[in-house]
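Visitor: Here's a structure for you.
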Amino acid sequence: MDSGKPKTLAERIRDAGTSGAKIEDVLQTDQRVLARITDGIYRQPASALRELIANAYDADASQVVIETDPPRFDRMIIRDDGSGMSVETLAYVLQHIGGSLKRTAQGAKLDVTSSSNASLSPGGRKLIGKIGIGLFSVAQLTPHFQVITKTKGEKTRRIADIILAPEDAERALAERGGDTELKTGTVRIWSVPATDVESHGTEIVLMDLRPQTKELLRSQARWAALRPSPEGAQENWMPTATVEPVFHIGGLDYSTKRTISLPASLPWKSSDSPTQKFKKLVDGVRAQTATNPNPELEQVLDNYLRLIWTLSLALPSRYVDQHPFDLDAKSGLDFFAISNDAKGQASELALQGNAQVRSLMGLSSPADFEDTEFKVLIDGVQLLRPLKFGRAKESTHAMSRDLLFVGKCAPDLSKIPEEYRGGNLSFEAYLYWSPKIVPKDHNGVLVRLKGASGTLFDPTFMGYQVSEQTRLKQLTAEIFVHEGLEGALNIDRESFNYASIHYQFISRWLHGAIRQFANRQKLISGKLLSEKKEKIGQQLDEKLQRAAESAWEDARGENAEAPPEIVFGDDDKQVLERRAAGAPAFTRSAVLKASQKGKGKKLPADLEPRLRAIALVLQAYGVFDNMQYAMQEKLIGEIGRIITTEASDGD
Ligand SMILES: Nc1ncnc2c1ncn2[C@@H]1O[C@H](COP(=O)(O)OP(=O)(O)OP(=O)(O)O)[C@@H](O)[C@H]1O
Ligand SMILES: [Mg+2]
């Protein structure tokens, strides 16, 4: 040792080489960061996995493989083929919890960010991470995990074994009060030789999952309620009718250990491909409409499959079928463009041939950064966005076609002072209407930043206040934010700061879009309703005509001449002509006036066809033969009055 200067962690790791020597260090973090992690800001196991997947995405991985060890869930592995971490990066990360390299000048030096733009990955993806705590969200799943990482060209692989000790930290916090640096745990790092010099990537191994995590993933509480053991029946009794999940991973008898007691019920076969498996999961859920009017994920899936579903909504991945912007005329939907005017209305989009909404509207989502290959497999199932556009089930709804409203907006915020503005904002969006949203959990709006989202569907549509109960329940919307809104994302990435200018703007835009959708949908269903009425009217006309004709035949005998056409005319000329030809004819206004008796009441639309049929019957029996025309009109008018008289008429 030539100088008295203490060695850095990175130097100590390098010096140890692949001797197997373990370098030990203390994990330190500041009070606020620790509080956030131990507070459990990441509420669900899915949240922690989402953070690890986001890190792999930021590291330019093209594939992430997750193994959760179902149905035991004793340990988990998350492996990616991203850039890996150099010794310096690894050392930095372990010593700077809460101090992300992403979006910093130093990030470029350590190859964590692009050299030209600190908010992009070296491979050009828009970085999801920015705080530097996502990795430690695993604390919620386990206190013990390993990070195994290797960069391309290196002949060694580093292993960091981390044991978190939040209890120690909390105790220290209570004792030492004001101190900001706290021991959060210990880490031991060593290197092993690697022969696969070209390979690169990171593997996170979650060693012993916490008992609560395992119980949750095994859906133990639900099974205990459904299949109580004789002794446990009493205490596990639940007042609510818990239903057995249709699809589940099965379970073990955890008391006798490892003997299968509940065989899995999965929508796929083990021989199916990873994408087939996921598609079958989505179709399996959608098919529940056959027996359940409003399928919800919670009823249909166990906690494990629900974790898969939740993750699939959160990732920058592809849709099971196609992106809604790639739909075309053949998809059987009607398309509309959302206006950005405060008082504007949506306009219908006529898609010709193979043209997609995307080209017609000039939409770019998924943008370039989302287009790079990024596959996530969990236990052999490839995660895709579980949204489909088309009916889950043949519907009896009067509207036979679903509606897709699309829009984009890049508002000019230059009038807002820079310190409040939070940079530029631009986004694209769609509102998808279908008589039934399956599963129910997809009813609402989901906001995506860089393709990723932790927020799931917000069924209030960002606080939409107008009562559109049924219509709103039939709506799924996604907003793809290309620029802005980042500052409004809360630290857990699962909610937004409502006060931010960008959030406020987007919610106003969304509410305008919903108003346009509601107006258009009302218009369409109103038109369908009047068409339906007209059709029913025609059917009634035909029936009345047939009834009157058979009366004519009865009265006049089978060989009689054909029945005359009874005409209700609007002008004298027409009526006189008919009468000259020997057929009964009536002036519409005279008859209807007699039916109303001058009270100006609205006459039903079927009155006229009924009176025409009656006139034909009267004609068949010769009632009009010696009656003056004016009298004939009065007679028909009086009959009309009797037909339309109601109890509430007031006379
Ligand atoms: N899978 C991975 N591949 C390569 N580097 C990784 C990986 N996971 C984590 N890192 C490195 O560890 C750092 C810390 O990750 P962590 O998720 O805690 O913070 P972050 O991604 O920078 O920010 P955020 O807290 O917003 O996610 C990252 O900045 C990155 O340098
Ligand atoms: Mg991260």
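Visitor: So, ASP208, is that one part of a loop (DSSP other than H, G, I, E, B), at pLDDT 80 or above and among the acidic types (Asp, Glu) or not? So that I can check it myself, show each step before the final result.
Guide: Values: part of a loop (DSSP other than H, G, I, E, B): yes; at pLDDT 80 or above: yes; among the acidic types (Asp, Glu): yes.
For ASP208, the condition - part of a loop (DSSP other than H, G, I, E, B), at pLDDT 80 or above and among the acidic types (Asp, Glu) - is met.
Visitor: Could I ask something else about it? Return only the number of the condition from (1) in a loop (DSSP other than H, G, I, E, B); (2) crowded, with 21+ Cβ neighbours inside 10 Å that ASP341 does not satisfy.
Guide: For ASP341, the exception is condition (2).
Visitor: Find all pairs meeting these conditions: Cβ atoms under 8 angstrom apart; at least six residues apart or on different chains; first residue within the stretch 513-528 and under 18 Å from GLU478 (Cβ atoms); second residue among the polar types (S, T, N, Q).
Guide: Partner pairs satisfying both residue conditions: GLN516/SER339; GLN516/GLN345.
Visitor: A follow-up question, please. Assess whether SER83 counts as being within 12 Å of ligand 1 (Cβ to nearest atom) and either surrounded by 21 or more Cβ atoms within 10 Å (Cβ to Cβ) or assigned to a loop (DSSP other than H, G, I, E, B) (or both). Break it down into steps so the answer makes sense when it comes.
Guide: On the way: within 12 Å of ligand 1 (Cβ to nearest atom): yes; either surrounded by 21 or more Cβ atoms within 10 Å (Cβ to Cβ) or assigned to a loop (DSSP other than H, G, I, E, B) (or both): yes.
Answer is yes for this residue.
Visitor: For THR460, state whether it is assigned to a helix (DSSP H, G or I) and free of Cβ contacts under 8 Å to residues at least 40 places away in the same chain. Step through it out loud before you land on a result.
Guide: Numbers: assigned to a helix (DSSP H, G or I): no; free of Cβ contacts under 8 Å to residues at least 40 places away in the same chain: yes.
No.
Visitor: Name the pairs: first residue in the stretch 123-146 and under 16 Å from LEU315 (Cβ atoms) and not assigned by TED's automatic domain parsing to the domain that holds LEU485, second residue within 13 Å of ligand 1 (Cβ to nearest atom) and part of a strand (DSSP E or B), Cβ to Cβ under 6 Å, at least 6 apart or on different chains?
Guide: Pairs that qualify, where the first residue is under 16 Å from LEU315 (Cβ atoms) and not assigned by TED's automatic domain parsing to the domain that holds LEU485 and the partner is within 13 Å of ligand 1 (Cβ to nearest atom) and part of a strand (DSSP E or B), are ILE128/ALA452.
Visitor: Right, another one. (1) within 7 Å of ligand 1 (Cβ to nearest atom); (2) surrounded by fewer than 22 Cβ atoms within 10 Å (Cβ to Cβ): which one isn't true of ASP111, the others all being true?
Guide: (1)
Visitor: Looking at the stretch 609-648 only, could you name the residues that are out of contact with any Phe, Trp or Tyr (no Cβ under 6 Å at 6 or more places or on another chain), in a helix (DSSP H, G or I) and among the charged types (D, E, K, R)?
Guide: Listed by number, the residues that qualify are ARG610, ARG612, LYS634, GLU638, ARG641.
Visitor: Evaluate the following for ALA355: is it modelled with pLDDT of 95 or more, surrounded by fewer than 21 Cβ atoms within 10 Å (Cβ to Cβ) and under 30 Å from CYS409 (Cα atoms)? Reasoning before the result, please.
Guide: Numbers: modelled with pLDDT of 95 or more: no; surrounded by fewer than 21 Cβ atoms within 10 Å (Cβ to Cβ): yes; under 30 Å from CYS409 (Cα atoms): yes.
Taking the combined requirement at face value, the residue does not satisfy it.
Visitor: Okay, next question. What are the residues in the stretch 100-118 that are within 12 Å of ligand 2 (Cβ to nearest atom) and hydroxyl-bearing (Ser, Thr, Tyr), if any?
Guide: Going through the stretch 100-118, the residues within 12 Å of ligand 2 (Cβ to nearest atom) turn out to be 100-103, 112.
SER100, the sole residue that qualifies.
Visitor: Something else: Suppose we keep only residues that are in contact (Cβ under 8 Å) with a residue 40 or more places away in the chain, under 60 Å from the mean Cα position of the chain (by Cα) and over 30 Å from HIS397 (Cα atoms) within the stretch 529-566. Which one would you say is surrounded by the fewest Cβ atoms within 10 Å (Cβ to Cβ)?
Guide: ALA547
Visitor: Something else now. Being closer than 23 Å to ASP492 by Cβ and of a type in the set (Val, Ile, Thr) narrows it down to one residue among ILE97, ILE77; which is it?
Guide: Details: ILE77 fails: closer than 23 Å to ASP492 by Cβ.
Answer to the check: ILE97.
Visitor: Could you list, in sequence order, the residues of the stretch 119-147 that are small (Gly, Ala, Ser) and away from ligand 2 (no atom under 15 Å from the Cβ)? Walk me through how you get there before you give the answer.
Guide: Narrowing the stretch 119-147 to residues small (Gly, Ala, Ser): 119, 121, 123-124, 129, 132, 134, 137, 139.
Answer for the stretch 119-147, where residues must be small (Gly, Ala, Ser) and away from ligand 2 (no atom under 15 Å from the Cβ): GLY123, GLY124.
Visitor: Taking SER273 and the conditions (1) in contact with a Ser or Thr (Cβ under 8 Å, 6 or more places away or on another chain); (2) surrounded by fewer than 18 Cβ atoms within 10 Å (Cβ to Cβ), which numbered condition does it fall short on, given that it satisfies the others?
Guide: For SER273, the exception is condition (1).
Visitor: Kindly indicate whether GLY463 is among the small types (Gly, Ala, Ser), out of contact with any Gly (no Cβ under 9 Å at 6 or more places or on another chain) and either buried (at least 18 other Cβ atoms within 10 Å of the Cβ) or not assigned by TED's automatic domain parsing to the domain that holds GLY423 (or both). Don't jump to the end; show me each part of the working.
Guide: On the way: among the small types (Gly, Ala, Ser): yes; out of contact with any Gly (no Cβ under 9 Å at 6 or more places or on another chain): yes; either buried (at least 18 other Cβ atoms within 10 Å of the Cβ) or not assigned by TED's automatic domain parsing to the domain that holds GLY423 (or both): no.
For GLY463, the condition - among the small types (Gly, Ala, Ser), out of contact with any Gly (no Cβ under 9 Å at 6 or more places or on another chain) and either buried (at least 18 other Cβ atoms within 10 Å of the Cβ) or not assigned by TED's automatic domain parsing to the domain that holds GLY423 (or both) - is not met.
Visitor: Let me ask another. Check whether at least one residue in the stretch 96-107 is in contact (Cβ under 8 Å) with a residue 24 or more places away in the chain and buried (at least 24 other Cβ atoms within 10 Å of the Cβ), and report yes or no. Write out each step before concluding.
Guide: Applying the first criterion (in contact (Cβ under 8 Å) with a residue 24 or more places away in the chain) to the stretch 96-107 yields 96-103.
Next cut, buried (at least 24 other Cβ atoms within 10 Å of the Cβ) only: none.
No, that holds for no residue.
Visitor: Still on this structure, I have one more. For the stretch 126-150, name all the residues that are more than 9 Å from ligand 1 (Cβ to nearest atom) and not in a strand (DSSP E or B). Walk me through it before giving the result.
Guide: Initially, the stretch 126-150 is screened for residues more than 9 Å from ligand 1 (Cβ to nearest atom), giving 126, 138-146, 148, 150.
Across the stretch 126-150, the qualifying residues are VAL138, ALA139, GLN140, LEU141, THR142, PRO143.
Visitor: Then there is this: Among the residues of the stretch 468-502, how many are touching a residue at least 40 places away in the same chain (Cβ under 8 Å) and within 20 Å of the chain's Cα centre (by Cα)?
Guide: Residues that pass the stated criteria total 19.
The values are calculated or read from the model by the stated rules, or taken from the named source; none is laboratory data. Predicted model, so just to flag it, every value in this text is computed and none were measured. Cβ atoms come from the backbone with ideal geometry, glycine included; neighbour counts cover every protein chain shown.
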